[in-house]
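> Before we start, here is the structure in question, set down as structure tokens.
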Amino acid sequence: MESINFDSIVKKYDLSPMEKIMLSFDVARISKDNCYGMFEQQLNNNDIEVYTYRLYGNRVIHSRSAIYVEDDKYNIKGIYFFDLGWSLKKDVLDDEYRYIYNYFAKPKSYFDKVDKISGLDDYFIGDFAYIADEFADLALIGEYDEISEDNIDKINNVSQIVDGKSLNLKYQDSNGLDLEKVYEKINDYDLLLDKPITGEKYLELLFTISKIKYIENIGPEFDLDYLKYTFYNSDWRFKENSLYDKYRNQLYETPTDKMLSNIYGVENIDVIFKAIDFYAKETGLINNIDELNYLNKGKIKVM
């Protein structure tokens, strides 16, 4: 991919926070240089703070980024995680990476499951739901000193991500603290860590960024099939009980298939594709794609 002026594109299209993040993620994951450094620099220069931290496994050190996002355009508010190391373009022949965003803007619970399988330990945030419960169980009954130093550090880490500054909690020292208000903040953080983004919003976001890359000659032509395969490969899900989710449910032929989908997340690719066809028709997305490709024929450079 040719070098791009990230700041210029951000200003030209007045990108929302999530749009900045997806564009930067796409640029960084095909970089031959320090992908996390590029990701951080591009976003930090455009009013988005990125916190990259390390996870540890058996003879493995792995990096991941956390970002607190408030995006009014997509009605998204939460703490989301980004794993560039597992999302990189492997070589010049690799085109599959374009269809995979399963480590992009996912909540903590998603990565907790992945890390358990991968044997990685998160000492930066940890099991924050447990930490919040522990704070309530101990601090609010006068036993603040029993909270471990590690958990105090993790609370301060999350407050840094959300508020840009630490709560400055100290180990075994609650002097001057309003513990009720501190707990309210911790509970808010816990809720922000588990705010999954719906498939509808991912699709809208992916279309917008793919369109901009296409217009700017830094991305290939794309069609509805690209959005379908990316949706399926990235573990995206329509909002539960939304018009599109209900349509998806109707497409399953047996109760067993429906149960495997809704409880165990085992999706049938044909069902997902038909549901996205329905979504594209209802929202006018397919017309937008066709019109864009017609207007920009002959302008394509592959990313």
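Values quoted throughout were computed directly from the atomic coordinates according to the rules given, and no laboratory measurement underlies them. As the structure is a computational prediction, the values presented were derived from the model and not from experiment. Here the Cβ is made from the backbone with ideal geometry for all residues, glycine too, and neighbour counts use every protein chain on show.
> Which residues in the stretch 34-62 have a backbone N closer than 16 Å to a point placed 7 Å from the Cα of residue 70 along the Cα-to-Cβ line?
Residues passing the 16 Å test: 47-50.
> Pulled fully out, how much extra length does the chain show between residue 133 and residue 14, if you take 0.36 nm times their separation in residues and subtract their Cα-Cα distance? Write out the running numbers ahead of the final one.
Values: separation 119, 0.36 × 119 = 42.84 nm, distance 4.05 nm.
Gain on extension, residue 133 to residue 14, equals 38.8 nm.
> Taking other Cβ within 10 Å of each residue's Cβ, how do 76, 186 sort, fewest first? Please list the in-between numbers first.
Numbers: 76 19, 186 22.
Lowest count first: 76, 186.
> Starting from the Cα of residue 5, step 7 Å along the direction of its Cβ; do the same at residue 54; then give the gap between the two resulting points in nm.
Going from the residue 5 label point to the residue 54 one covers 3.8 nm.
> With contacts defined as alpha carbon pairs under 8 Å and 6 or more residues apart, what's the relative contact order of the stretch 85-194 in percent?
Working: 80 pairs, mean separation 27.7, N = 110.
Worked out over the stretch 85-194, it gives 25 percent.
> Further, regarding this structure: To two decimal places, what compactness ratio does the chain give when its Cα radius of gyration is scaled by 2.2 N^0.38 Å?
Working: Rg = 21.1 Å, N = 303, 2.2 N^0.38 = 19.3 Å.
Normalised by 2.2 N^0.38 Å, the Cα Rg of the chain equals 1.10.
> Still on this structure: Hey, can you rank 220-226, 172-178, 53-59, 19-25 by average C-beta count inside 10 Å, highest first? Write down the numbers at each step before the final one.
Numbers: 220-226: 15.4, 172-178: 10.6, 53-59: 12.3, 19-25: 24.0.
Per-residue Cβ counts within 10 Å, averaged per peptide and sorted highest first, yield 19-25, 220-226, 53-59, 172-178.
> A further question on this structure: How fast does the stretch 128-192 diffuse by Stokes-Einstein, in µm²/s, taking the Kirkwood radius from C-alpha pairs at 4 °C and 1.567 mPa s? Kindly include the intermediate steps, with their values, before the conclusion.
Values: Rh = 11.5 Å.
Rounded, D is 112 µm²/s.
> Compute the helix-to-body angle for 108-118: its Cα long axis versus the longest principal axis of the chain, expressed 0 to 90° and rounded to tens.
Roughly 90 degrees between the two axes.
> Next up: Compute the helix-to-body angle for 285-295: its Cα long axis versus the longest principal axis of the chain, expressed 0 to 90° and rounded to tens.
That helix lies at roughly 60 degrees to the long axis.
> Using Cα pairs under 8 angstrom and six or more residues apart, how large is the relative contact order of the chain, in percent? If you can, show how the numbers build up before the last one.
On the way: 362 pairs, mean separation 49.9, N = 303.
Computed over the chain, the figure is 16 percent.
> Just how many % of Cα pairs in the stretch 1-102 lie over 19 Å apart, if you round to the nearest whole percent? Please list the in-between numbers first.
Working: 2321 of 5151 pairs.
The calculated P(r) of the stretch 1-102 puts 45 percent of pairs beyond 19 Å.
> Contact order normalised by length for the stretch 128-192, with contacts defined as Cα pairs under 8 Å and 6 or more residues apart; what percent is it?
Details: 56 pairs, mean separation 24.1, N = 65.
After rounding, I find 37 percent.
> Would you kindly state how much longer the chain becomes between residue 32 and residue 175 on full extension, computed as 0.36 nm times their sequence separation minus their alpha carbon distance, in nm to one decimal? Please report the intermediate quantities before stating the final value.
Values: separation 143, 0.36 × 143 = 51.48 nm, distance 4.93 nm.
Full extension from residue 32 to residue 175 adds 46.6 nm.
> Skipping prolines and chain starts, which residues have an amide H placed within reach, meaning under 5 Å, of the one on residue 52, given they are 5 or more residues away or on another chain?
66
> Quick one: helix 149-163 against the long Cα principal axis of the chain, what's the angle to the nearest 10°, folded into 0 to 90?
50 degrees
> Compute the separation of the alpha-carbon centres of the stretch 2-51 and the stretch 101-139 and state it in Å as a whole number.
26 Å
> Right, another one. Could you tell me the extents of the stretch 67-197's C-alpha atoms along the three principal axes, largest first, rounded to whole Å?
Principal axes ranked by extent give 60, 36, 20 Å for the Cα atoms.
> Oh, and also: Hey, for a label at residue 235 modelled as a point 7 Å past Cα toward Cβ, could you say which residues of the stretch 99-121 have their backbone N under 14 Å away?
Under cut-off, by backbone N: 100-120.
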